[in-house]
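The values are calculated or read from the model by the stated rules, or taken from the named source; none is laboratory data. Keep in mind the model is a prediction, meaning the values are calculated, not measured. When we count neighbours, we look across all protein chains shown, and the Cβ atoms used for this are built from the backbone with ideal geometry, even at glycine.
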Amino acid sequence: MRQKVLAWLAENVPNSRINHILRVEQMAVELAENYNLDREKAATAGLMHDLAKYFQPQKLLQMAEVAGLEIDEVLVASPHLLHADVSAIVAKDTFSVQDEEILQAIANHTLGRPGMGQLSCIVFLADTLEPGRGDSAQLEALRKTSFENLERAVWLTCDYTFKFLLETPSLIHPRAIATRNWFMQKSRTKQAILSTTV
């Protein structure tokens, strides 16, 4: 399966992006091992997370519409945000991936989703924090947090991404904001419980 996916990527994605994909795959596996999750699932989701990254905007919109995905005005204005959801469609249709956890991890890697599972969290984090993204102090701190506290890492990684989007300036999808808020609340609630039990 892995060789088949790599061969497909070689025909549909530039080399620089394949290097990113391989680093995401590696970091997802490391995070999975850290949290005692299925490393094979993490590797598969990491390897397939950007299958649709270079699809044309019209193709992304068309595939999303056929699949019955909700398409709002932000997605119409920025169709590239659909590449995660469409990558999950390609994983299912082209590579016969049936595992719902893997498909969700692929679909959620860009915008996240409130309440998403641990596998989705680690692919979401690996996509933004893989070593090729840079070595600033902030990124290093986020990487450290991602191995210590998944919820807090998702919240803080959302904040990191929003700063970049605000400076660009780019549209921020409501689902990304909802993801950030959910994981911030979850993290704070957990912290409050911990501090009362100590």
Inset, instruction - Output the helices (runs of 4 or more DSSP H) that fall wholly within region 128-198 and possess 2 or more residues being in contact (Cβ under 8 Å) with a residue 40 or more places away in the chain and within 28 Å of residue 22 (Cβ to Cβ), or say none. - result: 150-167, 174-197
Legend entry - Failed criterion for residue 103 (all others in (1) buried (at least 19 other Cβ atoms within 10 Å of the Cβ); (2) closer than 24 Å to residue 171 by Cβ hold): (2)
Inset, instruction - Residue by residue through region 87-127, note down the ones that are assigned to a loop (DSSP other than H, G, I, E, B), touching a residue at least 24 places away in the same chain (Cβ under 8 Å) and in contact with an Asp or Glu (Cβ under 9 Å, 6 or more places away or on another chain). - result: 108, 109, 110, 111
Legend entry - Subset tally (residues that are of a type outside the set (A, V, I, L, M) and crowded, with 16+ Cβ neighbours inside 10 Å) for region 171-198: 8
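Over 20 Å from residue 37 (Cβ atoms) and among the small types (Gly, Ala, Ser), is that true of residue 187?
Numbers: over 20 Å from residue 37 (Cβ atoms): no; among the small types (Gly, Ala, Ser): yes.
No: the conditions fail for residue 187.
Quick one: would you say residue 195 is at pLDDT below 95, over 23 Å from residue 74 (Cα atoms), out of contact with any Lys or Arg (no Cβ under 8 Å at 6 or more places or on another chain) and not acidic (Asp, Glu)? Spell out the reasoning first.
On the way: at pLDDT below 95: yes; over 23 Å from residue 74 (Cα atoms): yes; out of contact with any Lys or Arg (no Cβ under 8 Å at 6 or more places or on another chain): yes; not acidic (Asp, Glu): yes.
In short, yes.
Within region 131-149, does at least one residue satisfy the condition of being under 10 Å from the mean Cα position of the chain (by Cα) and among the aliphatic types (A, V, I, L, M)?
No: region 131-149 contains no residue that is under 10 Å from the mean Cα position of the chain (by Cα) and among the aliphatic types (A, V, I, L, M).
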